[in-house]
Amino acid sequence: MKLTCDHVVTYSFPMSNDDQVFKALGDPSRRFLLDLLFQHDGQTLGELEAELAMTRFGVMKHLRVLEEAGLVVTRRSGREKLHFLNPVPIRLIHDRWIDKFREQQVSALTDLKTSLESKTCRTSKKAKA
């Protein structure tokens, strides 16, 4: 692993799509761009740049990282390039990394509910007897 002139880490092995998504989401400016696209999809570079305190070139670099991760897709409309949010990679990460942990919590709550209900039934039967 070595640093390039603009201090971007160059990987000696290809990054998986999950790695690209995590890398893209790791920067607050890129998350803010995604939030802007969530609020109003189909924005131009100029519209996005107006919302950030950085140069046009800086916004372009962030958008390129988001595009490489598949989080942003573009479409040309005449002379304009429109940017659209693609939530599918985030959903895939959610399904892979978050859902499996939530399943254990829900299962634990279901087990707790069953256990408490069975104790309540036993206690009420003893009280009646």
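The values are calculated or read from the model by the stated rules, or taken from the named source; none is laboratory data. Since this is a predicted model, take the numbers as computed values, not measurements. Here the Cβ is made from the backbone with ideal geometry for all residues, glycine too, and neighbour counts use every protein chain on show.
Values for this structure:
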{"quantity": "Criterion violated by Leu82 - all others in (1) out of contact with any Lys or Arg (no Cβ under 8 Å at 6 or more places or on another chain); (2) outside any helix (DSSP H, G or I); (3) not acidic (Asp, Glu) satisfied", "calculated": "(1)"}
{"quantity": "Among the residues listed as Leu45, Leu52, Leu37, the single one being touching a residue at least 40 places away in the same chain (Cβ under 8 Å) and aliphatic (A, V, I, L, M)", "calculated": "Leu37"}
{"quantity": "Contacts under 8 angstrom Cβ, first residue in the stretch 87-99 being within 16 Å of Leu71 (Cα to Cα) and without any contact (Cβ under 8 Å) to a residue 24 or more places away in the chain, partner surrounded by 11 or more Cβ atoms within 10 Å (Cβ to Cβ) and of a type in the set (Gly, Ala, Ser), 6 or more apart", "calculated": "Val88/Gly70"}
{"quantity": "Residue within the stretch 38-58 that is at pLDDT 90 or above, within 23 Å of His94 (Cβ to Cβ) and part of a helix (DSSP H, G or I) present", "calculated": "yes"}
{"quantity": "Condition broken by Ser29, with the remaining ones in (1) under 24 Å from Asp18 (Cα atoms); (2) free of Cβ contacts under 8 Å to residues at least 12 places away in the same chain; (3) assigned to a helix (DSSP H, G or I) satisfied", "calculated": "(2)"}
{"quantity": "Some residue of the stretch 111-122 being assigned to a helix (DSSP H, G or I), farther than 19 Å from Ser16 by Cβ and assigned by TED's automatic domain parsing to the domain that holds Asp18", "calculated": "no"}
{"quantity": "Any hit, the stretch 100-107, residues being exposed (fewer than 11 other Cβ atoms within 10 Å of the Cβ) and under 25 Å from Phe32 (Cα atoms)", "calculated": "no"}
{"quantity": "Which listed residue, of Asp35, Asp95, Asp41, Asp27, is out of contact with any Lys or Arg (no Cβ under 8 Å at 6 or more places or on another chain) and not assigned by TED's automatic domain parsing to the domain that holds Ser16", "calculated": "Asp95"}
